[in-house]
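One structure is given below, encoded as structure tokens.
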Amino acid sequence: MESPTAATVPVEAADPSTLRRVITAASLGTLFEWYDFYLYGSLAVFFGGLFFPKGNETAQLLASLATFGAGFGVRPLGAIVFGHVGDLVGRKYSFLITMATMGLSTALIGLLPTYEQVGLWATFLLVLLRLLQGLALGGEYGGAATYVAEHVPDTKRGYYTSYIQTTATLGFFVSMGVIGVTRVLMGEEFFKSTGWRVPFLLSFILLAVSLYIRLKMSESPLFSKLKSSGKTSKNPLKESFANPLNRKYVLLALFGATAGQGVVWYTGQFYALTFLQSALKLDWKTAYILVSIALAIATPLFIFFGWLSDRIGRKRIMLAGCVLGALTYIPIFMAMKHFANPQGLPVADPAQVNHFMMVVLLTVQMVYVCMVYGPIAAFLVELFPTRVRYTSMSLPYHLGNGWFGGFLPLIATAVTSSTWAQTTFGEGALYTGLIYPIVICIITVIIGGLFIHETKDHKLETHIQT
């Protein structure tokens with residue numbers, strides 16, 4: 001591992017036109033992968049009746065959300081596998097494998113038989129493909145963030161890597177848009193029987209475009225320099241997790257940054273969408289439109305907070321987002337009920353829904369998402385040395401997002417529907433699922449505030465000092 005005080009010869013940042021190509025290529029490819037991964041999440045409420053035994057609607061929803069979470073569960077494994085490949089062989093090679101795996105897994109979901117046709121085989125195949133998606137995504141994000149960061153100037157790393165940060169939200173946005181357009185054009189009845197397959201089958205086209213983009217990319221200059229000098233890691237896994245100093249930063253990155261970032265992200269987007277439909281009983285079209293408007297309003301803030309982190313630091317912006325979430329989630333979700341379905345009707349009355357206030361409340365949550373997510377890529381790449389950066393940053397990111405964040409809709413929904421919540425809080429049980437993200441945010445603020453140092457002035461070819 002590089003010495004904390006090692007002197008290095010800096011690699012010049014790419015010229016502006018090359019930077020644009022690098023960011024566009026990495027961002028588009030990552031956007032397509034997020035689109036693939038979130039198609040299922042956007043249909044989680046709907047998929048319960050397609051691939052799981054009928055009978056109990058709550059049980060179906062929980063099973064569907066559990067399958068959604070399964071893809072997140074294996075993301076850390078994908079981070080280890082593809083991070084190892086990326087640090088050993090190269091960022092570009094790992095890119096190509098993750099893209100092919102994700103695209104094919106998603107497209108094949110569109111060809112799956114349903115539970116009515118083949119019984120539990122449908123459930124098994126769906127879970128298997130979700131696991132493959134999770135493996136691919138586990139290697140994708142760390143590679144994209146590392147690749148872009150190793151091309152850009154040290155003083156603008158937050159700004160340039162924040163473009164990568166927009167791809168997760170844009171992928172979610174595009175997945176909702178494609179599903180919504182398909183449902184409207186094909187009609188609800190046809191969509192439920194066959195049309196739901198179309199958004200997944202589109203991944204065949206996206207895969208071809210993405211592979212073409214990735215094949216034209218060259219290796220990052222920092223990794224190329226390491227490789228040409230024979231200084232690449234011989235065992236990235238050992239250097240990342242057996243070295244006490246590096247292992248310390250992996251754990252700090254997880255509990256002091258990415259765990260809180262993960263729950264804020266999934267509360268503001270996925271759980272909010274699930275809450276609108278399952279708890280507040282809004283129709284899917286209204287829920288999709290409200291969330292989409294909020295996403296469109298807030299997405300530029302990813303870039304703003306990335307830019308701002310180059311000036312005032314990554315840490316204070318990310319922790320401020322966690323603090324705001326912990327303090328305001330319960331009031332925000334209570335206000336959402338007030339403005340969407342104040343009487344708790346079995347189906348929300350469209351005349352009672354205050355669309356303006358709902359967009360405001362959803363947008364506020366998206367602002368928190370932008371605060372924690374905009375600077376996180378720059379923060380993570382600055383925390384680890386070049387020779388093991390891909391492996392070291394990918395694991396805490398996907399543990400934080402894949403486990404702490406990815407299982408949030410399942411955990412929160414399970415808590416709110418539990419006998420304990422219903423008997424203890426009565427009508428207030430609706431908000432008990434928020435206990436989970438609030439607690440994780442508080443833990444992140446304490447650990448991050450006490451033990452993590454600011455990284456914005458760190459040079460990528462040296463290691464952070466204790």
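The values are calculated or read from the model by the stated rules, or taken from the named source; none is laboratory data. Quick caveat, the model's predicted, so the values are computed rather than measured. In this analysis, Cβ positions are derived from the backbone assuming ideal geometry, glycine residues included, and neighbour counts consider all displayed protein chains. SASA here: full protein model, heavy atoms, side chains in, ligands and nucleic acids out. Shrake-Rupley method; radii C 1.70, N 1.55, O 1.52, S 1.80 Å.
Cα atoms only: what Rg and Dmax, in Å, come out for region 127-174?
Computed over the Cα atoms of region 127-174, radius of gyration and Dmax are 13.2, 43 Å.
May I ask you to work out the translational diffusion coefficient for region 200-319 at 20 °C, viscosity 1.002 mPa s, via Stokes-Einstein with Rh from the Kirkwood sum over Cα pairs, reported in whole µm²/s?
The diffusion coefficient I find is 112 µm²/s.
For a 20 Å ceiling on Cα separation, which of these pairs sit above it: K192/K285; K315/K456; K156/K315; K192/K337?
K192/K337
Expressed as a rounded percentage, what relative contact order does the chain have, with Cα pairs under 8 Å and six or more residues apart?
The normalised contact order for the chain reaches 26 percent.
Taking the Cα centre of the chain as the origin, how large is its charge dipole in debye, to the nearest 20, when only Lys and Arg (+1) and Asp and Glu (-1) carry charge on their Cβ atoms?
Roughly 800 debye, rounded to the nearest 20.
Nearest 20 debye, what's the magnitude of the dipole of region 276-337 about its Cα centre given +1 on Lys and Arg Cβ and -1 on Asp and Glu Cβ?
140 debye
Among L88, M102, P153, which residue has its Cα furthest toward the positive end of the charge dipole of region 82-209, with +1 on Lys/Arg Cβ and -1 on Asp/Glu Cβ?
In region 82-209, that residue is P153.
Using a/c under 1.5 as the rounded threshold, could you call region 287-356 rounded, prolate or oblate? The axes a ≥ b ≥ c are square roots of the C-alpha gyration tensor eigenvalues, and prolate needs a/b larger than b/c, oblate otherwise.
The shape class here is oblate.
Put a dot 7 Å past each Cα toward the Cβ at W307 and S193; how far apart are the dots in nm?
Taking the two extended label points, one gets 5.1 nm.
Could you state the principal axis extents of the C-alpha atoms in region 354-417, from the largest down, to the nearest angstrom?
Rounded to whole Å, the extents work out to 52, 28, 10 Å.
Would you report the distance distribution of C-alpha pairs in region 288-402 as whole percents per 5 angstrom bin, up to the bin with the largest distance?
Percent of Cα pairs in each bin: 2, 11, 16, 17, 17, 12, 9, 7, 4, 3, 1, 0.
Taking the Cα-to-Cβ direction at L201 and at V127 and moving 7 Å from each Cα, how far apart do the two end points lie in nm?
2.8 nm
With a 1.4 Å probe and all protein chains kept in place, how do D154, D283, D36 rank by accessible area, largest first?
D283, D154, D36
Counting only protein heavy atoms, what percent of the accessible surface of the chain is carbon or sulfur at a 1.4 Å probe?
Answer for the chain: carbon and sulfur cover 70 percent of the accessible area.
Can you find, among A25, I447, C322, the residue farthest towards the positive end of the dipole of the chain? Put +1 on the C-beta of Lys and Arg, -1 on that of Asp and Glu.
It is A25.
Give me the dipole magnitude in Debye, nearest 20, for region 158-317 about the Cα centre, with unit charges on the beta carbon: positive for Lys and Arg, negative for Asp and Glu.
The calculated dipole for region 158-317 is roughly 760 debye.
What nm distance separates the two modelled labels at K54 and V181, each placed 7 Å from Cα along Cα→Cβ?
3.2 nm
Rounded to the nearest angstrom and ordered from largest down, what semi-axes does the equivalent ellipsoid of region 337-466 get from its C-alpha gyration tensor (root of 5λ)?
With the √(5λ) rule applied to region 337-466, the semi-axes are 39, 18, 12 Å.
Would you please name the GluC sites (Glu not before Pro) within region 401-466 that are DSSP coil residues with at most 15 other C-beta atoms within 10 Å of their C-beta?
Hits after loop and neighbour filter: E454.
Mind checking the per residue accessible area of the chain for me, 1.4 Å probe, whole number of Å²?
37 Å²
Let me see the P(r) profile for region 163-206: every Cα-Cα distance counted, bins of 10 Å, each bin given as a percent of all pairs.
27, 47, 21, 5
Mind listing the lone cysteines of the chain, meaning no other Cys beta-carbon sits under 4.7 Å from theirs?
C370
Put +1 on the Cβ of each Lys and Arg and -1 on the Cβ of each Asp and Glu in the chain; which of P113, F404, I332 then has its Cα farthest toward the positive end of the dipole?
Going by the charge dipole, the pick is F404.
What FRET efficiency would be calculated for the residue pair K231, T18, taking the C-beta separation as r and a Förster radius of 35 Å, to the nearest 0.05?
E(calc), rounded to 0.05, equals 0.90.
Along its principal axes, what span do the Cα atoms of the chain show, with the longest given first and each in whole Å?
66, 44, 39
Enter the accessible area of V415 (Å², nearest 10), with the probe set to 1.4 Å and all protein chains included.
Approximately 40 Å² of V415 is accessible to the 1.4 Å probe.
Please report the equivalent ellipsoid semi-axes of region 333-390, computed as sqrt(5 x eigenvalue) of the Cα gyration tensor, largest first, in whole Å.
Square roots of five times the eigenvalues give 41, 11, 7 Å.
From the convex hull of the Cα coordinates of region 123-224, what is the mean projected area in square nanometres?
Taking the Cα atoms of region 123-224, their convex hull projects to 8.3 nm² on average.
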